[in-house]
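Reading through the structure tokens given below for one structure.
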Amino acid sequence: MDALIDQIPCGFVSFGDDGLIQHVNARLLDVLGYKREEVEGRHVETLMNVGSRIFFQTHLFPLIAMKGNAEEIFLLLKSSQGDEIGFLLNAARHVRDGKTVNDCALMRVQERRKFEDALVRAKKVAEAAQEELKETNDRYEEQAIELELQQEELLRQRQIADDANQAKSKFLAVMSHELRTPLNAIAGYVQLIEMGVHGPVTEDQLVALDRIHRSQLHLLRLINDVLNLARIEAGRVDYKIRSIALADVVATVMPMVEPQLAAKGVTSLALLDGAGLVRADREKLEQIVLNLLTNAAKFTQRGGTVTVRVRKDCGIPDRTCLDVEDTGIGIPEELQAGIFEPFVQVDTDNRKEGSGLGLAISRDLARGMGADLIVKSVPNKGSTFTVILPAD
Amino acid sequence: MTDIIRRNNVNVVGSGTQPMLLAHGFGCDQNMWRHIVGAFSDDFKIVLFDYVGSGKSDLGAYDARRYSTLDGYADDVLDICHAMDLHDTIYVGHSVSSMVGILAANREPDRFERLILIGPSPRYINDAPYVGGFERADIEGLLETMEKNYIGWANFLGPVVMQNPDRPELTEELTASFCSTDPVIARRFAEATFLADNRDDLAELKVPSLILQCSEDLIAPQSVGEYVHASLPQSTFQQMKATGHCPHLSHPEETIELMRAYLRSPVAA
């Protein structure tokens, strides 16, 4: 029987629950390069590499002891030369001669192991790739969440800014209205005193009353400007867009500033060749042009020229341009961008009369009716303000 | 409470009142105690369980972070103590469960009367001058062997089980073949076990303990058992004739006899 077991084409080893080897066949001894006396009586673990020994103690032996058998277990055995050789093990537990023994058949796996190793390696590569993919994914997700949070924060900040701006406009509108009432009362009483309703008035008193009256008018103008801007910003201005002749607009406005220009010794020119029709709110366009001309008069010295020019072909399709050009002090380039913001005045050292709201109001009005207002200026040479209007 | 009972597949046998909590080691489940249970069931209330990830525990409750260290396994032990309201417990831990029991007893010493530690090791990897018995490469070798054996069938059978919840016999078969049904969980348990270092936790133990040291135990060599005995206050060291690492499976009579003797003896000072 032993001879038969020695010759079967697989390894055979039998051990007790104490782990000691009781039988081993010639085939296994041959493959591992041991002599029978070197192996029998030794612990079966000593045939294995360390990893397989731990596996034997933690998995395989409990399995055989509990279930009575084990099938297709992969183990690495160690040859006498120190080589590690892969085996598949089937085990069965028997009682022989009154003692429990564990019989194991061992099939060498060489070619099959190559495939299995390749499979394990491929699995590891796939797992690593998957892990990396997951990490990348997680990173992107984190970034996406962060971006979303930033966007939410931006929207929130914008909402806060919009709310604050609305509140400001509302406040200005209400305050301007409240301020005009007492100013009107001042004007009324000044007039009554001037008329002598309250008794005789001396020449000196008349001079003083005139100053009060002029100051009242100035204050009223400032307040009207503030009120206008607040209304425009609050979106409470109605535009009556119609087809209007630019020549008519200039003809209406020019006479209003001519006395001022003449008094200052500034020449005025109107170049209206080919001035056609535009689509605009006439009243508001007149307000804009008057404001630009008043500014031009204010900032141009004696001997200078203020020109109003209409250009039908101004390089923008379907647009007509109206220039108000002066030979005044000009605007430094770095200030040109801010000139249309409220309360900005260029010549801060030599503050001219005004609220600093005129250009802001003018541009808001222009934009409100589908036009625009831009500036080109060279310091000490002059400025050109251009209203770009939709041609009709 | 029922959650923990179901999660850890807790089973109670015996007619005694004092609890005896049996904690299986890495690679196995509560079936390991089959030769021991009968000997103590008259005198104790025996509580058997599977760690989450082992045996018939609820794999859905597995949390990779919690079970990445032995503390997570100690949580399982204490969860069961709380759910079952266990006090004055005789805790019997095999292999890695020796350290799990020490971690649990360090956190809640009042729950435990004595610990019986079968083949304890606080650190498996050598750290000169400490000798744990293994190098890191050896542990890699174990992981590779596990992987090979799982790839042999569990990798193919595993998905079949998951896709056939109405066929529990497939899971039964897996559980019967290997006590750990999920190769990924088994690998993590192996790493938590064999890469742990609990040497500093030994001196803190306030509960008396018995160390059962097998002969020719590769996993927990003689010198490691002696190290544990020297480090654990109130510990008793018992050399066994039994060889290997699973005396309760291979030599149940001797194991039972030594446990009984210890439980009868007064506690070591």
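The numbers here are math on the coordinates, done by the rules we state, and not lab data. What you see is a predicted model, and the numbers here were worked out from it, not measured in a lab. Here Cβ is always computed from backbone atoms with ideal geometry, including for glycine, and neighbour counts include all displayed protein chains.
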Response to the item:
The answer for the net charge of residues other than A:V250 whose Cβ lies under 10 angstrom from its Cβ, with Lys and Arg +1 and Asp and Glu -1, is -1
Worksheet item: Working from the pairwise distances between different alpha carbons, so that the mean of 1/r is found and then inverted, what is region A:205-352's Kirkwood radius in Å?
Response: 17.5
Item to complete: Express in whole angstrom the spacing between the alpha-carbon centres of region B:24-95 and region A:359-380.
Response: 83
Worksheet item: Once phi is turned into ³J(HN,Hα) by the Karplus curve 6.51 cos²θ - 1.76 cosθ + 1.60 with θ = phi - 60°, what whole-Hz value does each residue of region A:28-39 show in order, with x for glycine and proline?
Response: 5, 4, 5, 5, 8, x, 10, 8, 3, 5, 6, 10
Response to the item:
At q = 0.09 1/Å the base-10 log of I(q)/I(0) from the Debye formula over the alpha-carbon atoms of chain A is -0.74
Worksheet item: Got a sec to turn the phi values of region B:99-105 into Karplus ³J(HN,Hα) couplings, 6.51 cos²θ - 1.76 cosθ + 1.60 with θ = phi - 60°, whole Hz, x for Gly and Pro?
Response: 5, 4, x, 5, 4, 5, 5
Worksheet, complete the sentence: Expressed to one decimal in nm², the mean projection of the alpha carbon convex hull of the protein assembly as shown is 56.7
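Which of the DSSP-defined H helices in chain A satisfy a minimum axial length of 24 Å, computed from C-alpha atoms, and a minimum mean Kyte-Doolittle hydropathy of 1.6?
The answer is none, since no helix passes both cut-offs.
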Worksheet entry | Separation of alpha-carbon centers, region A:32-92 and region A:201-235, rounded to whole Å | 109
Worksheet item: Just for the Cα atoms in region A:118-233, what are the lengths along the principal axes, largest first, rounded to whole Å?
Response: 119, 19, 15
Practice prompt. Compute the semi-axes of the equivalent ellipsoid of region A:29-91, taking the square root of 5 times each eigenvalue of the Cα gyration tensor, and list them largest first in whole Å.
Written response: 21, 13, 11
Practice prompt. Starting from the Cα of B:D3, step 7 Å along the direction of its Cβ; do the same at A:Q81; then give the gap between the two resulting points in nm.
Written response: 6.0
Item to complete: Could you pull out every residue, at least 5 positions away or on a different chain, whose amide H is within less than 5 Å of the one on B:V131? Hs are placed 1.01 Å off N in the peptide plane, and Pro or chain starts have none.
Response: none
Worksheet entry | Kirkwood Rh and Cα Rg combined as Rg over Rh, evaluated for region B:28-69 | 1.11
Discussion item. What does the C-alpha gyration tensor say about the overall shape of chain B? Classify as rounded when a/c is under 1.5, otherwise prolate if a/b is larger than b/c, or oblate.
Written reply: oblate
Item to complete: Taking the dipole about the Cα centre of region A:242-390, with the C-beta of Lys and Arg at +1 and of Asp and Glu at -1, give me whichever of A:A247, A:T267, A:T300 is farthest to the positive side.
Response: A:A247
Worksheet item: For chain B, the longest stretch holding no trypsin sites (Lys or Arg not before Pro) located in a DSSP loop with at most 14 other Cβ atoms within 10 Å is which?
Response: B:66-205
Worksheet item: Of B:C28, B:V12, B:A104, whose Cα points farthest to the positive end of the dipole of chain B (charges on the beta-carbon: +1 Lys, Arg; -1 Asp, Glu; origin at the Cα centre)?
Response: B:V12
Worksheet item: Check B:Q18: other-chain or 5+ apart residues with amide H under 5 Å from its amide H, H built from backbone geometry?
Response: B:K45
Discussion item. Residue by residue through region B:85-98, what is 3J(HN,Hα) from phi via Karplus (6.51 cos²θ - 1.76 cosθ + 1.60, θ = phi - 60°)? Round to whole Hz and write x for glycine and proline.
Written reply: 6, 8, 9, 6, 6, 8, 9, 10, x, 9, 6, 4, 5, 4
Worksheet entry | lysines whose Cα lies under 25 Å from that of B:K206, excluding same-chain neighbours fewer than 8 positions away | B:K45
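Using the reciprocal of the averaged 1/r over all distinct C-alpha pairs, how large is the Kirkwood radius of region B:1-47 in Å?
11.3
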Worksheet item: Looking at B:L86, B:F44, B:L70, which one has the Cα that reaches farthest to the positive end of the dipole of region B:33-93 (charges on Cβ: Lys, Arg +1; Asp, Glu -1)?
Response: B:L70
Practice prompt. Kindly provide the trypsin sites (Lys or Arg not before Pro) of region A:74-156 that DSSP labels as loop, not H, G, I, E or B, and whose Cβ sees at most 16 other Cβ atoms within 10 Å.
Written response: none
